[in-house]
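Have a look at the structure below before the remarks.
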Amino acid sequence: MNKPVIIIGNGGHASVLVEILQGTHIEIIGYTAPEEGSEFYNLPYLGNDNVILEYHVNEVELVLGIGTINVTNLRKKKYAAFKSKGYTFATIIHPSAIISPTVAIGEGTQIMAGAIIQTQSVLGENLIINTGSQIDHNSVIQHHSHIAPGVVLSGSVSVGENCHIGAGTTIIQNITIGNRVLIGAGSLVLKNVEDDITAYGVPAQEV
């Protein structure tokens with residue numbers, strides 16, 4: 001039986017997650033945010049993240065509702081901070097996602113509507129696999145990365161940690177993307193990309 005969840009954040013990405021959770025009948029206790037925002041899906045505002053510590057680690061699971069590129073590092077920091085205290089993060093999969101039974105999915109990963117993930121792929125922890133993304137066979141995505149809407153990873157693509165692959169990007173087969181890489185939206189990646197690089201274009205070029 002699923003534990004009730006607390007959502008960290010109340011932005012656009014969080015609202016998508018709320019609808020998935022409500023559709024799968026998982027209880028949402030409420031949400032946290034740095035400051036109290038406007039009414040959010042009629043859910044209780046619980047206060048800042050410290051309120052989570054009032055719940056025992058066995059009582060709840062957490063959901064990271066932070067999704068934009070500007071706070072990719074914040075997702076990683078919050079995930080690490082609460083994992084170190086013994087909390088777990090819910091893995092969320094939209095019912096319309098198509099996922100091979102041979103795919104490995106790490107804790108806290110979020111797979112949005114219409115995503116397709118093919119055989120023998122490996123997804124790390126705390127990922128966002130966003131709407132309509134296609135990840136073909138034997139691809140590997142490391143922790144804390146964001147695969148934006150409409151991305152296509154052809155077979156045997158490797159994406160490192162803390163990356164953002166922009167919306168509508170295509171990466172051809174057998175390409176390796178390093179750690180902390182930003183690929184701009186609509187790019188076509190035809191060659192390997194090293195760590196700490198920003199690249200975009202058709203074909204993608206380092207900035």
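The values are calculated or read from the model by the stated rules, or taken from the named source; none is laboratory data. Fair warning: this is a prediction, and the values are worked out from it, not measured in the lab. Please note: Cβ atoms are built from the backbone with ideal geometry, for glycine as well, and neighbour counts cover all protein chains shown. The protein model used for the area step is the full one, side chains on, heavy atoms only, and it has no ligands, DNA or RNA in it. Shrake-Rupley method; radii C 1.70, N 1.55, O 1.52, S 1.80 Å.
Scanning region 59-106 for residues that are assigned to a loop (DSSP other than H, G, I, E, B), of a type outside the set (S, T, N, Q) and surrounded by 16 or more Cβ atoms within 10 Å (Cβ to Cβ) returns V60, G65, I66, G67, Y87, A90, H94, A97, V103, G106. What number of residues in region 117-150 are open to solvent by 50 Å² or more (accessible area, probe 1.4 Å) and not in a loop (DSSP other than H, G, I, E, B)? Total meeting the criteria: 2. For E107, are the conditions met, namely being acidic (D, E) and farther than 24 Å from S15 by Cβ? No: the conditions fail for E107. Remark: pairs (first residue in region 134-146, of a type in the set (D, E, K, R); second residue open to solvent by 60 Å² or more (accessible area, probe 1.4 Å); Cβ separation under 8 Å; 6+ apart in sequence or on different chains) = D136/Q118; D136/Q173.
Within region 185-194, is even one residue at pLDDT 95 or above and under 18 Å from R75 (Cβ atoms)? No, that holds for no residue.
Being open to solvent by 60 Å² or more (accessible area, probe 1.4 Å), aromatic (F, W, Y) and over 20 Å from L123 (Cα atoms): is that true of Y41 here? Yes; evaluated as a whole, the condition is true for this residue. Residues in region 8-19 that are open to solvent by less than 10 Å² (accessible area, probe 1.4 Å) and either closer than 13 Å to Q110 by Cα or of a type in the set (K, R) (or both): A14, L17, V18. Inspect all residues belonging to region 162-182 and state whether any of them is outside any strand (DSSP E or B), within 13 Å of the chain's Cα centre (by Cα) and under 25 Å from L62 (Cβ atoms). Yes, the conditions are met somewhere in region 162-182. Residues in region 151-184 that are in contact with a His (Cβ under 8 Å, 6 or more places away or on another chain), open to solvent by 10 Å² or more (accessible area, probe 1.4 Å) and within 21 Å of K76 (Cβ to Cβ): E161, N162, H164, L182.
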